[in-house]
Amino acid sequence: MIDETHDPALASWVESANDPASDFPIQNLPFGRFRTSREAPWRIGMAIGDQVLDLQAAALIETQDMNALMSAGPERRRAIRLAASRGLRRGAAQQSRFAAALYPQSKVELGLPCVIGDYTDFYAGIHHATAVGKLMRPDNPLLPNYKWVPIGYHGRASSIVPSGTRFGRPRGQIKPGDAPQPWLAPTRRLDYELELGVFIGTGNALGEAVPIAAAESHVFGLVLLNDWSARDVQAWEYQPLGPFLAKNFATTISPWIVTPEALEPFRAPFERPAGDPPPLPYLDSPENRTRGMFDIALEVWLQTPRMAAPQRLMRSNFRDAYWTIAQLVAHHTVNGCNLQPGDLFGSGTISGPAPDQGGSMLELTAGGKQPLRLSNGETRAFLEDGDTVILRAYCGRQGFRRIGFGDCAGTVLPAREA
Ligand code: MN
């Protein structure tokens, strides 16, 4: 599984990739889509340092259809990774051909990485589920199904936007507990949620469950995902069928899909606290137990219009999740539901166990009751107009090169005129 592409001694002739601070060293090689102008078609690229390698111009692929590439499966993806790694290394014979296919990331537009068919948002962050449950049910925070079923809901794909997109504060029905009836207004409790996104590569046929042992072969890779949430709208609308307009006005993802190959050195065991029920057999496998989890450090940063630079609000780790990616895939398909190339899962908000590790503002401010004091003296109970939220993620382990996901950023604009 670990091969020559993971060698920490590899350096690239793209010098920016050798900067230890770069998220995109030659050991990462994530896939995305870019265009050189508003009129130009989207092209498939790979991030290397501060550049994008045009994969077709470098003769590494024959298509500009990312969904087709995703459906081609892990073997094809691994072959492209190996060929790109060899061509981008110092001293590579392909240097001049590849160099002609490079664009500075700052000079192109990075879009959604593929056509996203269906979007499902899970709820795999147990510390988030517990903290949010506590706000509503102090004596019974976690519902009895939580440790048995990977909870999720079907979301909306049309409003998923790439990092950098600005959006207006959404309107919705709001009814504080003591108000006699609701009214329509811009949300006053706008929040973010720190999540990982999982892109499906190869699909499955309707009616055919994906067994957990095969689940990861259906995963093309991971991105960061911000599940923006209007908490006041959510509180009024969510019963009995769950999230709806409180969630579907915008979901931001990072532009680069980090592959399972790039994440291979950062695998971790799947562990449950003593006394928790073991997963049902269809959610269990030896491989899932020994290496089903990924050690991915996650961060939320906030930049208000008055800040000179963004401030980090919290840190957590994907290991804080209660379910692995393989379990999410196996569960989603156990009833025969078919996944398709380009489908996206959200992990659910990944909070850490400590109170200052909340992956949403709802948690960090105890439901808005304890506003955050920011380093420049400002306070925030929820997001204000002009605020930019940036999600970041990276993996580091002794003996391997650190890799990162790049920024997942979004900015809140004032509500549009009604
Ligand atoms: Mn969510």
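The values are calculated or read from the model by the stated rules, or taken from the named source; none is laboratory data. These numbers come from a predicted model, not from an experiment. Cβ placement follows ideal geometry from the backbone for every residue including glycine, while neighbour counts extend to all protein chains displayed. For the accessible areas, the whole protein counts, side chains as well, though only heavy atoms, and no ligand, DNA or RNA atoms are used. Shrake-Rupley method; radii C 1.70, N 1.55, O 1.52, S 1.80 Å.
In a shell of Cβ-Cβ distance under 9 Å around LEU10, excluding LEU10 itself, what net charge do Lys and Arg (+1) and Asp and Glu (-1) give?
Spelling it out: positives minus negatives among the neighbours equals +1.
Compute and list, largest first, the equivalent-ellipsoid semi-axes of the chain from the alpha carbon gyration tensor, each √(5λ) rounded to a whole angstrom.
34, 26, 20
Would you pull out the residues with amide H under 5 Å of THR251's amide H, same chain only if 5 or more places away, H placed 1.01 Å from N?
Correct list: ILE160, VAL161.
Distance between Cα centroids, the range 110-132 to the range 297-328: provide it in whole Å.
Centre-to-centre (Cα) distance: 13 Å.
Note down the relative contact order for the range 4-110 as a percent, whole number, built from C-alpha pairs under 8 angstrom at least six residues apart.
30 percent.
If I take every Cα pair under 8 Å that is 6 or more residues apart in the chain, average their sequence separation and divide by the length, what percent do I get for the relative contact order?
About 22 percent, as a whole number.
Does the range 273-418 come out rounded, prolate or oblate, given a ≥ b ≥ c as the square roots of the eigenvalues of its C-alpha gyration tensor, rounded meaning a/c under 1.5 and, failing that, prolate meaning a/b above b/c?
Since a/c reaches 1.5 and a/b is larger than b/c, the shape of the range 273-418 is classed as prolate.
Determine, for each peptide in 232-238, 105-111, 325-331, the mean count of other beta carbons within 10 angstrom over its residues, then list the peptides with the highest first.
325-331, 232-238, 105-111
Averaged per residue, what accessible surface does the chain expose to a 1.4 Å probe, in Å²?
So the chain comes to 42 Å² accessible per residue, rounded to a whole number.
By how many degrees, 0 to 90 and rounded to 10, does the Cα axis of helix 74-88 deviate from the longest principal axis of the chain?
It is inclined by approximately 60 degrees.
Please compute the modelled spin-label separation between ASN335 and VAL115, points set 7 Å along Cα→Cβ, answer in nm with one decimal.
Label-label distance for VAL115 and ASN335, simple model: 2.7 nm.
Each residue of the range 105-119 in order: what ³J(HN,Hα) in whole Hz does its phi give by Karplus 6.51 cos²θ - 1.76 cosθ + 1.60, θ = phi - 60°, with x for Gly and Pro?
Couplings: 4, 6, 9, 10, 9, 9, x, 4, x, 7, 7, 9, x, 10, 10 Hz.
Just the number, please: percent antiparallel of the DSSP beta bridges in the chain, rounded to the nearest 5.
Here the share of antiparallel DSSP bridges comes out near 85 percent.
Summarise the accessible area of the range 119-413 (1.4 Å probe, protein heavy atoms) by the percent that is carbon and sulfur.
Percent of accessible area from carbon and sulfur atoms in the range 119-413: 55.
Stretch ARG86-ASP356 to full length: gain in nm at 0.36 nm per residue minus the Cα-Cα span?
Gain on extension, ARG86 to ASP356, equals 92.9 nm.
Around ARG33, with a cut-off of 13 angstrom between Cβ atoms, what is the net charge of the other residues, counting Lys and Arg +1 and Asp and Glu -1?
It works out to a net charge of -1.
Please compute the length gained on full extension between MET307 and ASP19, using 0.36 nm multiplied by the number of residues separating them and subtracting their Cα-Cα distance.
So the extension gain works out to 101.0 nm.
Using 20 Å as the cut-off for backbone N distance, which residues of the range 23-40 belong to the label zone defined by a point 7 Å from the Cα of LEU413 along Cα→Cβ?
From the range 23-40, the list is 38-39.
Placing unit charges on C-beta atoms (Lys and Arg positive, Asp and Glu negative, everything else neutral), compute the dipole magnitude of the chain about its Cα centre in debye, rounded to 20.
500
Considering only the other residues whose Cβ falls under 9 Å of the Cβ of PHE405, what net charge follows from Lys and Arg at +1 and Asp and Glu at -1?
Cβ neighbours under 9 Å give a net charge of -1.
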